[in-house]
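The values are calculated or read from the model by the stated rules, or taken from the named source; none is laboratory data. Since the structure is predicted, the reported quantities are computational estimates derived from the model, not experimental observations. For neighbour counting, all protein chains shown are included, and Cβ atoms are generated from backbone atoms with ideal geometry for every residue, glycine included. What goes into the accessible areas is simple: the full protein's heavy atoms, side chains included, and nothing from ligands, DNA or RNA. Shrake-Rupley method; radii C 1.70, N 1.55, O 1.52, S 1.80 Å.
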Amino acid sequence: MTTVDRDRTLFVVTTVEIEGREEESVVQVPAFEPTPWSPRARLDHVGAGVVRVDGHAKVTGAARYTVDIQLPGMLFARVLRAPIARGGVSRLDASAARAIPGVHAVLMGRDIPSIPWTQGAPLLGTRILYPGQPVAVVAADSWAAADAATHAILARWSAREHAVGIPDPSGRPRRLRGAPAPPTSRRERRGNVARAIRTAPVVLTKTYRVSPVVHQALEPHGSVVWWQGDRVTVYDSTQGIFRVRRQLAEHLGLRSSQIRVVSEFMGGGFGAKNDCGSYTVLAALLSKKTRRPVQLVLDRKEVVLDTGHRPETLMRLTLATGREGALAAIDFEGWVALGADGWVGGPGQLMRRMYRCPNVRTVEHFLYTNTGPMSAFRAPFYVEGAFALESAMDLVARRLGIDPIDFRQRNLASADQERSRPYSTNGLSACYTDVARRIGWSKARKTSKAPTRRVVRGLGIAAQVWGAGGGPPAYAEVRINRDATALVATGTQDLGTGSRTILGQIAAEVLGLDLEDVRVVLGDTDAGPYAANSWGSMTTASVGPAVRTAAADARRQLCEVAATLLGASADRLTLRRGRVRVGGGRKSIALRRVTEHLGNVMIVGRGHRGPNPESVTVASFGAQAVEVEVDLDTGVVHVLRIVAAHDCGRTVNPALAESQLHGGIIQGLGYALCERLVQDPRTGAVLNAGLHDYKIPTMADMPTIDARVISSGDPMANHIGVKGLAEPPIIPTAPAIANAVYDALGVQPTALPLTPARVLQLIKKRRTRRR
């Protein structure tokens, strides 16, 4: 940790784990931090499963999302997108589009400043790298007029050879013919893998493949932008209002202070809304040209084509063990198809940290193809890697004749092997024990696997680890009003996870107020101090401590005023249920009398998140067990039960935590059974761009889900004791389902999703083996 002293303010460089990768961040060390709540402290508001404060607005339709924003004179925009996977535009004529009544502007590449975008190709450029790439944009009085105008633009496309998917690897990775960019590789190792494999009595090698999938958030991507003079106001469906502000300023050549970004309500993002989208930039350029507000909201097809996806991944994994089941070596090689662009992450980190193993080698190859650019998707790369690793663990356990849970327990990682330091807490062993008890693991595995002659049953297990410590920078303010109510202001945003409720509970706990007396303002760069993106399971663990510190600062000031009224020392005062009390005695005063005594003097408490601990690694752990039925005639996998236990530190709101667990598990269910993005290898066209053809789970597919958090507060993580929970539940779901199918059939799945056609192939192998 590097220390920098500027103007007597202490700054340090701390490491923050974001979306499975590490970043260094400069952070201001707080002047004071509250004493950590004890792990099992009984608190009034924190730990209560209260109804979310914005629930009424959402169910009644009062909540305003981006598409609900209506501004005077607002125009509607549509985008002309390339139908080819790779090539160029030899002719682009918009004269007919401009002649359509109600059309106010048509922009092409030559009409706007050159803004580098995918692989450096300019936004609205004529170099096509993927199907659905923006080529022109139209603004009109109505959505229908704008749509008609895009169809009226005369475009001549020049298609060229393209690259789709991952070919079967052979030898060194090479650039695919037609790919946007050459591949890159990354290698990590510890110990001597080759020697460990050579001397191990049990060695197993298997290849696994997962399909690309898309996020399909309930609310589509979109922005409403109004450029007025030198100020730009953006209403955006985003996971990071400050990140959008910074990136948009860079694209438009403006200062950050000229841009205000608002995201009052948001209907999900899952990683696809981490950055400033092309639709935001295009809406801003149209607004500047027309001098009117412009709404650009994508339809479902556009969301699939041009807002990111979880990449297709091919993984070859070798596990070597001793006869007693101790892992001796993990050797992993993976091929990741990023699409036309993307960031380099990779499933290798999971291989290096999930299980105790002295010898690990990971090689990751990142390929570029003519598919829309990838983006982060709920536990990016860990979900893909977990399918390979947890499947291989079951295969080795069966080879050794060891129970799958027992095999995992024998190889439990008690410390962070990459950083050579302990975990702050690690409740994975307790998670295994809990799910095994609740699903009846020992008894169920001894019962018949065939309820009928045509249906077989199986149980599966899988586990996860995820960096979930959050981190700085994150700031908050707490203002005390004259009527003894409080306003919490911070620059984070609520993706639908309940951040307003959680942050309100933390502030109410510190101030001794009812939750109804605390209002949380967020999602506006002009209204609250800086907070980072809501990504990587970071929001509560990052912003929560800042809110508690700000509330503690306000509480200190309140107590100083109340001390003069009560004739007592400020350090003897406690705040609870709207009253200030002296010690444990009866002498007290209503908090409202204290604030009224101040008149119009407003108490403002300020707080920010301190650096992450250096001596320990903060991570979330969890295990999930699944029971399935497999129909031997149709190949349909019916998931009967999913039992989950997760260690994520203190639970601020159990109801919201359970909701997060259910949401991640349901997404993992889709990843396991039905979701995949299908691209025609001949033409490059996406064949299921829309909810009609892209299958996601519905209520008819829902199993019984019994998910719970079994941990208590983690005081080493931060002073409120929380760790992230959003990503962890999706990681083990698909491998647990695949392992249950393996248990049922005796043949291991090696590709996701487990469509009926793929399962029928497994059943065919099963019958062949029996013969």
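Observations
- Any hit, the range 737-756, residues being surrounded by fewer than 24 Cβ atoms within 10 Å (Cβ to Cβ), more than 30 Å from residue 34 (Cα to Cα) and among the acidic types (Asp, Glu): no
- Residue within the range 108-119 that is surrounded by 14 or more Cβ atoms within 10 Å (Cβ to Cβ), over 24 Å from residue 232 (Cβ atoms) and in contact (Cβ under 8 Å) with a residue 12 or more places away in the chain present: yes
- Being over 19 Å from residue 213 (Cβ atoms), surrounded by 24 or more Cβ atoms within 10 Å (Cβ to Cβ) and not hydroxyl-bearing (Ser, Thr, Tyr) is not true of residue 315.
- Scanning the range 24-53 for residues that are out of contact with any strand residue (DSSP E or B) (no Cβ under 8 Å at 6 or more places or on another chain) and of a type in the set (Ser, Thr, Tyr) yields 35, 38.
- Residues satisfying the stated conditions in the range 569-607, i.e. in contact (Cβ under 8 Å) with a residue 24 or more places away in the chain and open to solvent by 80 Å² or more (accessible area, probe 1.4 Å): 576, 577, 579, 592, 593, 596, 597, 600, 602, 606
- Subset tally (residues that are surrounded by fewer than 18 Cβ atoms within 10 Å (Cβ to Cβ) and either assigned to a loop (DSSP other than H, G, I, E, B) or in contact with a helix residue (DSSP H, G or I) (Cβ under 8 Å, 6 or more places away or on another chain) (or both)) for the range 186-224: 10
- Residue check for residue 663: at positive phi and in contact (Cβ under 8 Å) with a residue 24 or more places away in the chain: no
- Restricting attention to the range 251-272, the residues being closer than 14 Å to residue 303 by Cα and out of contact with any Phe, Trp or Tyr (no Cβ under 9 Å at 6 or more places or on another chain) number 1.
- If you go through the range 467-500 and keep only what is more than 12 Å from residue 538 (Cβ to Cβ) and part of a strand (DSSP E or B), you end up with 475, 476, 477, 478, 479, 480, 486, 487, 488, 489, 491.
- Filtered residues of the range 225-250 (kept if open to solvent by 10 Å² or more (accessible area, probe 1.4 Å), out of contact with any Phe, Trp or Tyr (no Cβ under 7 Å at 6 or more places or on another chain) and in a helix (DSSP H, G or I)): 243, 245, 246, 247, 250
- If the condition is being surrounded by 24 or more Cβ atoms within 10 Å (Cβ to Cβ) and more than 15 Å from the chain's Cα centre (by Cα), then the range 714-731 contributes 714, 717, 718, 720, 721, 722.
Residues are listed down the side, and each one gets a yes or a no for (1) touching a helix residue (DSSP H, G or I) at 6+ places or on another chain (Cβ under 8 Å); (2) closer than 21 Å to residue 303 by Cα; (3) surrounded by fewer than 21 Cβ atoms within 10 Å (Cβ to Cβ):
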position: 97; (1), (2), (3): yes, no, no
position: 125; (1), (2), (3): yes, yes, no
position: 131; (1), (2), (3): yes, yes, no
position: 150; (1), (2), (3): yes, yes, no
position: 157; (1), (2), (3): no, no, yes
position: 184; (1), (2), (3): no, no, yes
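Condition check ((1) open to solvent by 50 Å² or more (accessible area, probe 1.4 Å); (2) in contact with a Gly (Cβ under 7 Å, 6 or more places away or on another chain)) across all residues:
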{"residue": "54", "(1), (2)": "no, no"}
{"residue": "58", "(1), (2)": "yes, no"}
{"residue": "63", "(1), (2)": "no, no"}
{"residue": "76", "(1), (2)": "no, no"}
{"residue": "79", "(1), (2)": "no, no"}
{"residue": "85", "(1), (2)": "no, yes"}
{"residue": "90", "(1), (2)": "yes, no"}
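- Flag if residue 565 is touching a residue at least 12 places away in the same chain (Cβ under 8 Å) and surrounded by 14 or more Cβ atoms within 10 Å (Cβ to Cβ): no
- Put simply, of 291, 300 the only residue that is out of contact with any helix residue (DSSP H, G or I) (no Cβ under 9 Å at 6 or more places or on another chain), basic (Lys, Arg), closer than 23 Å to residue 663 by Cβ and at pLDDT 95 or above is 300.
- Selected residue (criterion: surrounded by the most Cβ atoms within 10 Å (Cβ to Cβ)) from residues of the range 666-700 that are part of a helix (DSSP H, G or I) and touching a residue at least 60 places away in the same chain (Cβ under 8 Å): 668
- Subset tally (residues that are of a type outside the set (Val, Ile, Thr), farther than 19 Å from residue 696 by Cβ and in contact with a Phe, Trp or Tyr (Cβ under 6 Å, 6 or more places away or on another chain)) for the range 732-756: 2
- Restricting attention to the range 615-639, the residues being open to solvent by less than 50 Å² (accessible area, probe 1.4 Å) and either of a type in the set (Val, Ile, Thr) or not in a strand (DSSP E or B) (or both) number 10.
- Subset of the range 87-117 (residues that are under 18 Å from residue 285 (Cα atoms) and among the polar types (S, T, N, Q)): 114
- Scan of the range 414-441 for residues that are crowded, with 18+ Cβ neighbours inside 10 Å and small (Gly, Ala, Ser), ordered by number: 424, 427, 436
- Selection of the range 251-298 for residues being of a type outside the set (Ser, Thr, Tyr), open to solvent by 50 Å² or more (accessible area, probe 1.4 Å) and either part of a loop (DSSP other than H, G, I, E, B) or farther than 18 Å from residue 141 by Cα (or both) yields 251, 253, 255, 260, 264, 270, 275, 291, 292.
- Filtering the range 349-362 for residues that are open to solvent by less than 10 Å² (accessible area, probe 1.4 Å), touching a residue at least 40 places away in the same chain (Cβ under 8 Å), touching a Ser or Thr at 6+ places or on another chain (Cβ under 8 Å) and not charged (D, E, K, R) leaves an empty set.
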